[in-house]
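Notes for the one structure printed next.
Read-outs throughout are calculated quantities, based only on the coordinates presented, and are distinct from any laboratory measurement. Quantities reported herein were computed from a predicted structural model and do not represent experimental measurements. Cβ atoms come from the backbone with ideal geometry, glycine included; neighbour counts cover every protein chain shown.
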Amino acid sequence: MDFSTLTIHSAPPYPMGATPHHDGTRFVVFSRNAACLTLLLFENPEDTEPAVEFQLNDSQHRFGDIWSVYVKGVRHGCLYAWRAHGNWNPSSGHRFNSDAQLIDPYARGICGPYEWREQEIDESVPLVPKSLVTHPPYHWKRTAASYIPMEDTVIYEVHLKGFTAHPSSETHGRGAINRFIEKIPYLRNLGITTVEFLPVQSFAENENINRNPFTGERLKNYWGYSTIGFMAVHPPYGSMDERGSELSEFRNLVNILHENGLEVILDIVFNHTAEGNETGPTLSFRGLDNSIYYMLGEDQSTYRNFSGCGNTVNCNHPVVRDFILDVLRYWVVEIGVDGFRFDLASILGRDQNGELLDNPPLVERIAEDPILRSVKIIAEAWDAGGAYQVGSFPGTRWSEWNGKFRDDIRKFWLTGEGNIRDLAMRLSGSEDLYGHSGRTPLHSINFITSHDGFSLRDLVSYDFKHNENNGEKNRDGENHNISNNHGVEGPSDDLKIRKNRLISMKNLLTTLFISQGVPMISSGDEIGHTKSGNNNSYCQDNPVNWFDWRRFSGVLDISQQGYEDPDENDISEAAQLYSLIRALIELRKSNEILRRKIFFRGIPVKTVGDVIMVPDVYWHDENHNDINWHRNDNFLGVLLGTDFELFPSSTPIEMLFNGTGEDKNINLKMVDGFNWVKIIDTSCDEILPLDLFENGTPLDDFSLVVKSRSTVILMLKKTI
């Protein structure tokens, strides 16, 4: 590009960001309190000085609080940044720094290195990536996604890079996005319906100044919860074939997932940004209009920190609300995603002073926005400021990560602190949380583990966190894990301990998938992935987090420096876990009793002159007597579809949960012309087939033994 031939002109103040036209590009940005703005254009991503800069003035380039300019001769692929001139007065909330090169909040592409060094303070200028003028969305068409009802949804939470970063992935595409495509058959075979990506928006990967104290390795922000470009795909996830290729590649990934019948949900972080607190770098929002974009302390020179990450986005300022909605619409319309999981979503409901609102404008706007009406919206209904809104997040359209489900199921199976009352409530869809507001079981996103915390295997292998590799002297991460190491901390060759751990994992997974609500699993749990006890692995871009395909494939001859290379027992256990999850998902799909849209209420049946209510669930003890909810014995029987003639498209199911330390002899309900078929027994070592019902083991009579601390599922089958 010949920068000497570029000319600038006045331009309309909309749309925001950089919009290329046939002979140039329009640049539009918001700043209310800047005295003036300068547009910087660069030749190379590594350049620290612009090739040319254009200073905007009030008379030609300002419309209210919007600054806009048209630069004739600029095409897609051009690198740019903003410089905002104004007062440096932290006590008034203003942190304008005329030396800082600022990322456009509406940039569709980010290009170039970013490095944050410990010795820098807020007045200094870090090496900041440039914004990128991207291709317009030519030939736009709606992607082939088909909406998957919530009752049919099974969510798979996964890190885009970590899924194929391990050498054992044996993928050949360039870039994490293209390599992920090669693994789509695996996801389809597992049976999940919805891929939930950890943040894919451009983030500050190199902001972490800590080092692994044992290896000296510089640690990273691996998870991605430190956004610098809300409309840009993280560049290292692309093939780097050309500037901004990651955008078209990610759009292509979404299309291919849709073609394979899979939805895409993005984990998105509106609660804070990578700029941190008052000692952090000036990258974008802080330099453009600090007092608008962030919640400030009473003295205006500090930041309210409800995120635990240094700053809190001022979500309910009208300008910021508009920005957030523009971001969401962009990912839905231009990229084609099917929903969002909102990190620390309670912050979305705080006012500009940090107080929780009864009817937050942003939360309502997201739920009611015409473009977003058909997408899934999921709240992590808490924040680091003490808000915990599980069951009470505002609005009736939002689903929630059900942290209460996670904790109660862990307590029942792992600590002895649980009870059958809480187990029954979680199995039935958490009516205590969602029933009072007119919501349904489908508002509950049920999970046992997620990216944050112990993996499933570590949950049954460690009593304490082991985060020393994070370089924070094991001070980071959650201390209350509700876990059980089964007798020894960490890996064990004791076959009895391994057996008990495997049974516990099976119990947790089985309870998850046969509960009412929407199940979610964390990638790697289906093959028994371990993080070696690290419950805050946000900074580990290595085998601690990477999906180890050797556990799935059984191939052990791939050398990889990492943690706890799998042995034959690991692979055998992984095969059992994987087959169990496939079978449980198939069981959910084939039986509507497990995918209810309403809470248990009883079935109205008309008799002669009357309408009676036939129970749609029966809670019982080992003798098939009505359950005594006040007893301490942790055994629970659940019979769904007690009158099988009322469920023509389903089969009655018996679920037996033995959380006690002794085996239980169970008497089953007798049904003439039918036999009970045992389809799942978590105490058994077995690879389960998908067609469980056809291949289940018919019982000789109407009794069986449920081993201690195990789960049994049975279904009725007609006798010949």
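Potential lengthening of the chain between residue 147 and residue 188 amounts to 13.1 nm, from the contour at 0.36 nm per residue minus the alpha-carbon distance. Counting only DSSP H runs of at least 4 residues, each contributing -39500 (n - 2.57), and dividing by the residue count of the chain, the helix-based mean residue ellipticity at 222 nm comes to -5500 deg cm²/dmol.
Stretching residue 476 away from residue 598 to a fully extended chain increases their span by 39.9 nm, per 0.36 nm per residue minus the current alpha-carbon distance.
Distances between every pair of Cα atoms in region 434-555, grouped in 10 Å steps from 0 to the bin holding the largest one, split as 13, 39, 33, 12, 3, 0 percent.
A simple packing score, the average count of other Cβ atoms within 10 Å per residue, orders the peptides 411-423, 154-166, 704-716 as 154-166, 704-716, 411-423, with the highest score first. For region 344-388 versus region 267-323, the inter-centroid distance based on Cα atoms is 16 Å.
For region 32-96 versus region 648-677, the inter-centroid distance based on Cα atoms is 69 Å.
Listed cross-link partners 465/531; 506/678; 404/589; 161/465; 161/499 are compared with a 21 Å cut-off, the Cα-Cα value being larger for 404/589; 161/465; 161/499. In this structure the amide hydrogen of residue 232, modeled in the peptide plane, comes within under 5 Å of the amide hydrogens of 202, none closer than 5 places in sequence on its chain.
In this calculation the C-beta distance from residue 373 to residue 437 is compared with R0 = 25 Å, giving a FRET efficiency of 0.80. Close amide-amide hydrogen proximity is noted between residue 263 and 194, 195, each under 5 Å apart and 5 or more residues distant or on a separate chain (H modeled in the peptide plane; Pro and chain starts excluded). Straight-distance candidates among the aspartates and glutamates for linking to residue 669, with alpha-carbon spacing under 14 Å and chain neighbours fewer than 8 residues away dropped: 621, 622, 626, 643, 654, 700, 701. Using a simple spin-label model with pseudo-atoms 7 Å out from Cα toward Cβ, residue 32 and residue 700 lie 7.9 nm apart. With the convex hull drawn over the C-alpha atoms of region 466-531, the volume per residue is 126 Å³. Taking θ as phi - 60° and the Karplus parameters 6.51, -1.76 and 1.60, the scalar couplings of region 414-420 work out to 10, 10, x, 8, x, 8, 5 Hz in sequence order, x denoting glycine and proline. Structural descriptor for the chain: relative contact order 10 percent, calculated from alpha carbon pairs under 8 angstrom and at least 6 residues apart. For region 156-209, the alpha carbon convex hull comes to 102 Å³ per residue, rounded to a whole number. Length available on full extension from residue 59 to residue 115: 0.36 nm per residue minus the Cα-Cα distance, which gives 16.5 nm. Here the label points at residue 76 and residue 718, each 7 Å from Cα along the C-beta direction, are separated by 6.0 nm in the simple model. Residues in region 709-716 carry Karplus couplings, in order, of 6, 8, 10, 10, 10, 10, 9, 7 Hz; the curve used is 6.51 cos²θ - 1.76 cosθ + 1.60 with θ = phi - 60°, and Gly or Pro positions show x. A cut-off under 15 angstrom between Cβ atoms defines the neighbours of residue 246, and their net charge, with Lys, Arg +1 and Asp, Glu -1, is +2. In order along region 59-68, phi translates into HN-Hα couplings of 5, 9, 10, 10, 10, x, 9, 9, 10, 9 Hz, rounded to whole numbers, per the Karplus curve 6.51 cos²θ - 1.76 cosθ + 1.60 with θ = phi - 60° and x for Gly and Pro. Between residue 671 and residue 494, the FRET efficiency from the beta-carbon distance, with R0 = 51 Å, is close to 0.75. Neighbours of residue 529, meaning other residues whose beta-carbon lies under 9 angstrom from its beta-carbon, give a summed charge of -1 when Lys and Arg score +1 and Asp and Glu score -1. Among the listed values [x] 33.9; [y] 40.5; [z] 32.3, the one computed from these coordinates for mean projected area of the Cα convex hull in nm² is [x]. Taking the centroid of alpha carbons for each part, region 479-507 and region 513-550 are 16 Å apart.
For region 314-451, the Kirkwood estimate of hydrodynamic radius, built from reciprocal distances between every pair of different alpha carbons, is 16.0 Å. If one takes the longest principal axis of the Cα atoms in the chain, at what angle in degrees, from 0 to 90 and to the nearest 10, does the Cα axis of helix 245-259 lie? That works out to roughly 30 degrees.
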